[in-house]
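Down below is the structure, laid out as structure tokens.
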Amino acid sequence: MCGRFVLESSAKAIADYLNTEIPEVFASRYNIAPTTPVLAKTAFGLSFFRWGLVPSWARDVSMGNRMFNARAETVSEKPSFKNAFKRRRCLIPASGFYEWHVEDGIKQPYFCHINKNLFSFAGIWELWQDAEGNELQSCSILTTEAVGVMSSIHHRMPVVIDENLHADWLDHATESTDQAIDCIAQLNPNFEIYPVSTQVNSSRNESVDLIKPLL
């Protein structure tokens, strides 16, 4: 799964990477957790979304609290995700994420990255309205079976969309999901991992020190 991630970058670097304008309010974050705002690019541009997808038919926002991940293997079938997968895909920029591995009975967090460079999680998004008509944009990150070094610490990992496939992933001209499924099939991230402080366990902690390797 992917329950915490990092976006350490400048606004200009993100804008250049995603070839889009970035919202004026932006700062690097080192412990992004579900239910908090995250940057995501859709076919319509870049904006902030609540992390944890709230289906359009949900009675209230709380339904999204645990829906921060969607399994790539079943995303096209699950009632909560299938419409978003067809019509509303997004790219969620990141520079790394955390995963936990049980070692000697202790959950040890690891920082996972791709040469400390920006990359994009495969995401889906929804628009939800409350009874007063207030709108909420929310999103979920796709996960898949872990491969390579990731399989040594967890059985799942987030889906990363290759930069050359960004446009294909965002394309919503057709409801066919064949192209989107092809994007997921191209998964070959060269993750690197190292252990970090258990300070990351609390989402209240927010500091560049969280991604420093343990000595």
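The values are calculated or read from the model by the stated rules, or taken from the named source; none is laboratory data. All values derive from a computational prediction rather than experimental measurement. Glycine also receives a Cβ, built like all others from the backbone with ideal geometry; neighbour counts cover every protein chain displayed.
Could we say that Glu132 is under 17 Å from the mean Cα position of the chain (by Cα), part of a loop (DSSP other than H, G, I, E, B) and either of a type in the set (Val, Ile, Thr) or surrounded by fewer than 15 Cβ atoms within 10 Å (Cβ to Cβ) (or both) here?
Numbers: under 17 Å from the mean Cα position of the chain (by Cα): no; part of a loop (DSSP other than H, G, I, E, B): yes; either of a type in the set (Val, Ile, Thr) or surrounded by fewer than 15 Cβ atoms within 10 Å (Cβ to Cβ) (or both): yes.
It is false that Glu132 is under 17 Å from the mean Cα position of the chain (by Cα), part of a loop (DSSP other than H, G, I, E, B) and either of a type in the set (Val, Ile, Thr) or surrounded by fewer than 15 Cβ atoms within 10 Å (Cβ to Cβ) (or both).
I'd like the residue in the stretch 9-30 that is in contact (Cβ under 8 Å) with a residue 40 or more places away in the chain and either in contact with a Lys or Arg (Cβ under 6 Å, 6 or more places away or on another chain) or assigned to a helix (DSSP H, G or I) (or both) and, out of all such residues, is surrounded by the fewest Cβ atoms within 10 Å (Cβ to Cβ).
Among residues in the stretch 9-30 that are in contact (Cβ under 8 Å) with a residue 40 or more places away in the chain and either in contact with a Lys or Arg (Cβ under 6 Å, 6 or more places away or on another chain) or assigned to a helix (DSSP H, G or I) (or both), the one surrounded by the fewest Cβ atoms within 10 Å (Cβ to Cβ) is Ala13.
Restricting to the stretch 145-192, name every residue that is part of a loop (DSSP other than H, G, I, E, B) and within 20 Å of Lys82 (Cα to Cα). Talk me through it step by step, then tell me what you get.
Here is the first cut: in the stretch 145-192, the ones part of a loop (DSSP other than H, G, I, E, B) are 146-147, 153-155, 159, 161-162, 171-177, 186-191.
Scanning the stretch 145-192 gives Val159, Ile161, Asp171, His172, Ala173, Thr174, Glu175, Ser176, Thr177.
Under the condition of being surrounded by 11 or more Cβ atoms within 10 Å (Cβ to Cβ), in contact with a Lys or Arg (Cβ under 7 Å, 6 or more places away or on another chain) and not aromatic (Phe, Trp, Tyr), which residue from the stretch 168-202 is farthest from Ala27 (Cα to Cα)?
It comes out as Thr177.
So that you can scan it fast, the table gives a plain yes or no per residue for (1) among the small types (Gly, Ala, Ser); (2) under 21 Å from Arg29 (Cα atoms); (3) in contact with a helix residue (DSSP H, G or I) (Cβ under 9 Å, 6 or more places away or on another chain):
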position: Ser151; (1), (2), (3): yes, no, no
position: Val159; (1), (2), (3): no, yes, yes
position: Leu165; (1), (2), (3): no, no, yes
position: Leu214; (1), (2), (3): no, yes, no
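Given the conditions (1) touching a His at 6+ places or on another chain (Cβ under 9 Å); (2) crowded, with 20+ Cβ neighbours inside 10 Å; (3) among the small types (Gly, Ala, Ser); (4) over 19 Å from Tyr17 (Cα atoms), which single one is not true for Ala146?
For Ala146, the exception is condition (2).
Do you know which residues across the stretch 67-79 are over 14 Å from the mean Cα position of the chain (by Cα) and either surrounded by fewer than 19 Cβ atoms within 10 Å (Cβ to Cβ) or aromatic (Phe, Trp, Tyr) (or both)? It would help to see each step written out before you state the result.
Looking only at the stretch 67-79, we keep the residues that are over 14 Å from the mean Cα position of the chain (by Cα), and these are 73-79.
Answer for the stretch 67-79, where residues must be over 14 Å from the mean Cα position of the chain (by Cα) and either surrounded by fewer than 19 Cβ atoms within 10 Å (Cβ to Cβ) or aromatic (Phe, Trp, Tyr) (or both): Glu73, Thr74, Ser76, Glu77, Lys78, Pro79.
Name the strands (runs of 3 or more DSSP E) wholly within the stretch 32-94 that hold at least 1 residues that are more than 28 Å from Ala11 (Cα to Cα)?
Values: elements: 37-42, 45-51, 69-71, 89-94.
Answer list for the stretch 32-94: 69-71.
On the given criteria, is Asn190 at pLDDT below 95 and either among the β-branched types (Val, Ile, Thr) or over 20 Å from Val6 (Cα atoms) (or both)?
Numbers: at pLDDT below 95: yes; either among the β-branched types (Val, Ile, Thr) or over 20 Å from Val6 (Cα atoms) (or both): no.
Considered against the rule, which asks whether it is at pLDDT below 95 and either among the β-branched types (Val, Ile, Thr) or over 20 Å from Val6 (Cα atoms) (or both), Asn190 comes out as no.
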